[in-house]
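Inspection log for the structure reproduced underneath, given as structure tokens.
The values are calculated or read from the model by the stated rules, or taken from the named source; none is laboratory data. Keep in mind it's a predicted model, so treat the numbers as computed, not measured. Here the Cβ positions follow ideal geometry from the backbone for every residue, glycine too, while neighbour counts run over all protein chains shown.
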């Protein structure tokens with residue numbers, strides 16, 4: 001009865017990209033509205049559709065959802081990507097939160113001043129290779145299964161493949177010490193819904209460029 | 001069969017406080033191990049107890065859980081504080097996301113320079129009164145019920161009360177434009193488990209002081225300057 005989910009955000013990755021990934025992985029089609037001007041954003045606020053005056057906004061099943069975490073949890077729950085019980089959900093949540101911490105560093109990267117960029121890139125590399133990737137390498141090695149949790153495709157797998165590809169864009173050889181993750185990357189990339197999302201013409205957004213940064217600052221800067 | 005519930009963190013609020021609140025609200029007893037030395041922390045690291053090398057860590061139901069949000073979600077679901085269905089859970093998640101963002105402005109407050117503290121105090125009050133409190137005031141006004149979601153006590157109520165009290169510590173009359181929130185605060189504070197948690201002698205931690213900041217810096221070797229967000 002409800003139409004397709006509708007995403008409102010800038011025309012770029014930012015905080016909406018994990019939502020696009022998860023919907024795509026679940027095989028769910030969605031529409032997008034792109035914020036291009038400050039006026040558009042101010043109108044959304046005036047219309048009272050942004051609970052905390054922020055995007056992402058996802059209209060889904062009659063709700064105007066904000067808060068990325070809440071949106072992703074809802075989608076994962078709805079499309080059976082959240083494990084089979086409370087304990088599997090706990091594992092998925094832990095893994096997703098860890099990956100999100102890593103992705104947060106990448107999220108902020110385009111907005112850091114030029115003189116800080118090299119240092120920030122080093123930090124991303126250090127965290128990825130010393131803190132986050134080793135954890136998932138170990139998880140996969142220990143249970144020898146195809147997916148991170150419960151021998152079944154879940155939100156955690158989607159979040160991890162997104163993180164791997166995004167970090168690789170910045171640090172191409174980053175997976176060199178991680179054979180399990182290399183195999184995982186290939187396996188996930190070949191799953192039909194993900195394969196489709198990785199092809200040109202999908203709703204996947206390109207890496208942020210200067211134009212994107214400019215647009216974001218123009219819309220949201222006070 | 002589940003053993004003791006044990007929290008590993010500093011002897012102070014930080015990211016663990018929301019977990020103490022939720023457990024207390026659910027009437028669940030827990031033990032705490034306080035990190036005081038670098039050696040303690042390194043022992044935890046070497047023992048492989050910290051999945052991403054960070055605290056909070058909570059031993060619960062045979063798991064060594066990390067990541068505050070994951071821990072809170074697990075506790076909320078286990079103790080029936082997470083709504084009755086997916087849509088109520090979505091609302092609770094949204095509301096908790098907001099209070100989490102608000103409390104995030106307060107989290108690093110103790111680590112700021114005195115000058116930055118004054119600026120940040122103003123930011124906290126401004127965000128609370130122009131962005132967050134109005135949103136929850138409206139939710140309560142619109143449905144006229146005692147609790148934020150589904151006419152039932154939930155994680156969202158606990159988290160909002162915690163946020164309100166924390167902002168009030170920075171500006172005592174901050175609720176003056178928000179009658180619904182004032183009533184909410186009185187109502188939720190008088191729930192028996194919460195009332196107990198608000199009394200002296202509970203496991204609630206005090207406003208962080210310099211000693212707390214010193215301990216965190218020492219244990220985490222976190223000696224760089226913290227800037228406000």
Looking at the structure I just gave you, is residue B:75 facing another protein chain (nearest Cβ under 9 Å) and in contact with a helix residue (DSSP H, G or I) (Cβ under 7 Å, 6 or more places away or on another chain)? no
When residue B:84 is evaluated against the numbered criteria (1) in contact (Cβ under 8 Å) with a residue 60 or more places away in the chain; (2) out of contact with any helix residue (DSSP H, G or I) (no Cβ under 7 Å at 6 or more places or on another chain); (3) more than 27 Å from residue B:192 (Cβ to Cβ), which criterion, by number, is the only one it fails? (3)
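For the condition under 20 Å from residue A:128 (Cβ atoms) and without any contact (Cβ under 8 Å) to a residue 12 or more places away in the chain, what is the one hit in A:171, A:186? Walk me through it before giving the result.
Details: A:171 fails: without any contact (Cβ under 8 Å) to a residue 12 or more places away in the chain.
After ruling out the rest, the residue left standing is A:186.
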Wholly enclosed strands (runs of 3 or more DSSP E) of the range B:13-126 bearing at least 1 residues surrounded by fewer than 20 Cβ atoms within 10 Å (Cβ to Cβ) and within 19 Å of the chain's Cα centre (by Cα): B:31-34, B:57-60
Looking only at the range A:163-179, count every residue that is assigned to a helix (DSSP H, G or I) and surrounded by 15 or more Cβ atoms within 10 Å (Cβ to Cβ) and tell me the total. 6
Restricting the range A:126-162 to residues that are without any contact (Cβ under 8 Å) to a residue 40 or more places away in the chain and part of a loop (DSSP other than H, G, I, E, B), the residue that is surrounded by the most Cβ atoms within 10 Å (Cβ to Cβ): A:147
Within the range A:45-56, does at least one residue satisfy the condition of being modelled with pLDDT of 95 or more and assigned to a helix (DSSP H, G or I)? yes
Only one of (1) within 14 Å of chain B (Cβ to nearest Cβ); (2) outside any helix (DSSP H, G or I) is not met by residue A:32, so which one is it? (1)
Tally up the residues in the range A:87-99 that are closer than 19 Å to residue B:92 by Cα and within 7 Å of chain B (Cβ to nearest Cβ), please. 4
Note down all Cβ pairs under 8 Å where the first residue falls in the range B:4-19 and is at pLDDT below 95, the second is surrounded by fewer than 21 Cβ atoms within 10 Å (Cβ to Cβ) and not in a helix (DSSP H, G or I), and they're at least six residues apart or on different chains. B:4/B:30; B:4/B:31; B:4/B:59
Those residues that are at the interface with chain B (Cβ under 7 Å from one of its Cβ atoms) and farther than 30 Å from residue A:121 by Cα, I need them from the range A:62-86; list them, please. A:63, A:65, A:74, A:77, A:78, A:86
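Looking at the range B:132-195, what helices (runs of 4 or more DSSP H) fall wholly within it and have at least 2 residues that are in contact with a helix residue (DSSP H, G or I) (Cβ under 8 Å, 6 or more places away or on another chain) and away from every other protein chain (no Cβ under 14 Å)?
Counting at least 2 such residues, we get B:155-170, B:179-189.
Residue-wise test of (1) out of contact with any strand residue (DSSP E or B) (no Cβ under 6 Å at 6 or more places or on another chain); (2) touching a residue at least 24 places away in the same chain (Cβ under 8 Å).
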residue: A:59; (1), (2): no, yes
residue: A:67; (1), (2): yes, no
residue: A:76; (1), (2): yes, yes
residue: A:79; (1), (2): yes, yes
residue: A:89; (1), (2): yes, no
residue: A:93; (1), (2): yes, no
